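To start, the structure under review is shown below, and the notes come after it.
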Amino acid sequence: MNWLISSRIALPNIAMSDTPILDRIHSPADVRALGRDDLPALADELRLFLIESVSKTGGHLSSNLGTVELTIALHYVFNTPDDKIIWDVGHQTYSHKILTGRREAMAGLRHYGGISGFPRRTESEYDTFGTAHSSTSISAALAMAVAARDRGEPRASIAVIGDGAMSAGMAFEALNNAGSMKDANLLVILNDNEMSISPPVGALSNILARLMTPYHKARRIGKKVLKGAPLPVLDLARKVEEVAKGMVAPDSPGTLFEEFGFHYFGPVDGHDLNVLVPTLQNLRNFKGPQFLHIVTRKGRGYKLAEADPTRYHGVSKFDHREGLQEEKANVSSPTYTQVFGDWLCDEAARDSRVAGITPAMCEGSGLARFAREFPDRYYDVGIAEQHALTFAAGLACEGYRPVVAIYSTFLQRAYDQLIHDIALQNLPVVLAIDRAGLAGADGATHHGAFDLSFLACVPNLLVMAPADENECRQMLHTALCYDGPAAVRYPRGKGPGVTPEANLSPLPLGKGEIRRQGQKIALLSFGNLLAPALEAGEALGATVANMRFIKPIDESLIAHLAQTHDLLVTLEENAVIGGAGSEVARVLDGLPARPRLLRLGLPDRFIDHGEQRQLLAEAGLDAQGIISAIQPKNNPTPQ
């Protein structure tokens with residue numbers, strides 16, 4: 001396995017279980033008790049442990065390998081948890097978890113009942129702010145710095161934000177606010193690894209790239225020239241380097257952040273603890289807003305991840321000695337994401353008005369093929385969900401048929417734009433909403449638990465939820481044909497295995513279908529719960545309806561079922577409050593036949609991480625849960 005590991009020292013002599021320094025670390029106080037000379041070895045041991053641990057549990061790998069030295073330096077220099085560290089997004093905090101007493105808990109990372117893959121205030125006092133969505137760190141850290149100032153507490157507030165997250169408007173809103181607070185001790189660390197999940201886009205990434213290109217060239221030459229030089233010469237070289245960085249690109253990006261009111265420092269090698277630690281020690285003593293620009297490499301220390309950081313961003317269990325293996329394509333059973341990606345390419349081939357938009361989730365949303373085949377109609381707008389929707393609205397005004405591929409949890413961040421810029425103007429924008437319902441191991445921050453509730457109340461908006469892969473394809477086509485805004489929400493992963501048909505036929509608007517005829521009980525399924533509904537229907541002798549549309553809902557079908565059944569049961573992988581079941585209740589309120597109604601959906605609480613099947617069972621939305629919820633209420637005599 002040794003050829004897979006790259007590092008500054010001779011790692012082949014270190015076995016994966018041989019971590020004598022890391023074994024002594026139970027809290028950041030133990031890190032601070034180490035000598036400076038011990039820190040590089042700690043970094044190597046921590047990196048080895050991360051590779052082995054994540055290969056057994058799955059999780060975010062590349063981003064965590066890139067922040068090992070930064071994490072060690074922060075806990076070494078600052079008095080955590082009194083000093084506050086806020087990690088933007090938080091998918092790079094595994095080293096932080098390990099150094100703050102959760103090394104043993106890493107065995108249950110992202111598994112049901114185990115620790116989260118993101119910072120979580122209820123998990124540790126060192127997790128000072130819960131994160132998982134992008135670009136919130138500067139706002140939170142500024143507030144904590146203001147609180148410390150007002151209380152007269154001499155503590156630091158540090159926001160660690162990636163270059164991808166800096167593309168979001170919220171980060172610049174916070175910078176704008178922070179720059180006017182000269183007496184708030186805020187340190188913003190820009191972790192520049194030239195990536196978020198996919199390579200970043202936009203003007204800011206170009207600015208950083210222009211700055212770093214001559215810097216990297218000069219640094220490589222300097223390392224060759226100074227190899228083996230005595231320590232005083234190396235110290236002098238570092239001082240010269242700091243001056244040179246200001247000469248290489250005096251107008252970018254330091255000037256940008258200086259204009260916001262920050263003191264800018266950098267760029268600094270984020271993997272060189274001999275530079276990083278003294279830099280942070282100096283900044284700790286400065287007052288007011290400070291901005292440190294560090295440069296890291298995503299996947300650092302694991303050659304396969306360094307070579308392909310996107311592929312190793314989020315991994316399932318794998319053999320770290322062999323690396324990730326190519327999965328054989330299962331054409332007969334594609335994921336919903338693959339169904340969407342293929343559909344969009346088919347539509348774009350026949351209609352030159354079709355455009356694809358993503359807020360920095362090309363691979364995750366299934367747009368990689370579209371980006372290759374239709375680059376002139378592919379728009380990655382960066383981590384900017386609000387902009388993505390208004391950009392789509394603008395394209396629609398110009399006659400395009402824009403399709404926005406977005407996760408349900410990220411659509412929440414652009415709700416005003418959906419209402420004000422798209423729906424109010426009744427523009428033909430298609431929302432392809434991935435990861436609807438329970439998203440699995442990413443947990444509460446990534447579950448798409450609320451979209452039916454917040455979409456159903458928006459005027460002009462067509463809202464659909466497919467029960468299988470083919471229905472997803474046809475619904476997407478229906479949405480594209482609709483002369484107004486339309487949303488199709490579908491879950492993560494694979495469906496029941498229905499092969500998508502090549503032809504495209506729009507569905508009749510607002511019409512559901514009976515999939516099983518029964519008596520007394522009618523199960524009204526919205527979306528991917530049709531499979532457990534059919535299983536429960538067989539056991540209960542119940543009618544099963546595939547409702548398809550949440551808006552407009554099939555009122556005639558509801559009226560028919562109300563007249564012929566004693567109990568209607570709505571099923572949705574969405575918050576039960578305000579969801580599709582509430583729409584059925586609204587329809588029933590206006591009918592003369594009023595059977596009993598049972599609404600089953602996600603409970604009024606945030607659901608933790610785990611496998612999707614486990615979480616559905618916990619919520620009572622598998623077949624057995626549906627049966628158990630109905631049987632006590634199955635009184636044949638209407639009340």
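Scan region 347-382 for residues that are farther than 16 Å from residue 311 by Cβ and touching a His at 6+ places or on another chain (Cβ under 9 Å) and the total you get is 3. For residue 466, are the conditions met, namely being in the same structural domain as residue 354 (by TED's automatic domain parsing), in contact with a helix residue (DSSP H, G or I) (Cβ under 7 Å, 6 or more places away or on another chain), surrounded by fewer than 22 Cβ atoms within 10 Å (Cβ to Cβ) and at negative phi? So residue 466 does not fit the description; no. Scanning region 473-481 for residues that are touching a Phe, Trp or Tyr at 6+ places or on another chain (Cβ under 6 Å), surrounded by 22 or more Cβ atoms within 10 Å (Cβ to Cβ) and not aromatic (Phe, Trp, Tyr) turns up at least one hit. Every test in (1) on the phi < 0 side of the Ramachandran plot; (2) surrounded by fewer than 24 Cβ atoms within 10 Å (Cβ to Cβ) is passed by residue 113 save one, and that test is (1). Check whether at least one residue in region 128-150 is on the phi < 0 side of the Ramachandran plot, of a type in the set (Asp, Glu) and surrounded by fewer than 24 Cβ atoms within 10 Å (Cβ to Cβ), and report yes or no. Yes, region 128-150 has at least one match. A residue that is crowded, with 18+ Cβ neighbours inside 10 Å, touching a strand residue (DSSP E or B) at 6+ places or on another chain (Cβ under 9 Å), within 14 Å of residue 485 (Cα to Cα) and not small (Gly, Ala, Ser) cannot be found anywhere in region 373-381.
Of the residues that make up region 164-178, is at least one assigned to a loop (DSSP other than H, G, I, E, B) and assigned by TED's automatic domain parsing to the domain that holds residue 262?
The first filter runs over region 164-178 and keeps only residues assigned to a loop (DSSP other than H, G, I, E, B), leaving 164, 168.
Retained after the next criterion (residues that are assigned by TED's automatic domain parsing to the domain that holds residue 262): 164, 168.
Yes - at least one qualifying residue is present in region 164-178.
Per this entry, residue 275 is not counted among residues that are β-branched (Val, Ile, Thr) and touching a His at 6+ places or on another chain (Cβ under 9 Å).
The values are calculated or read from the model by the stated rules, or taken from the named source; none is laboratory data. Everything numeric here is computed off the predicted structure, so don't read it as measured data. Every residue, glycine among them, receives a Cβ derived from its backbone with ideal geometry; neighbour counts consider all protein chains shown.
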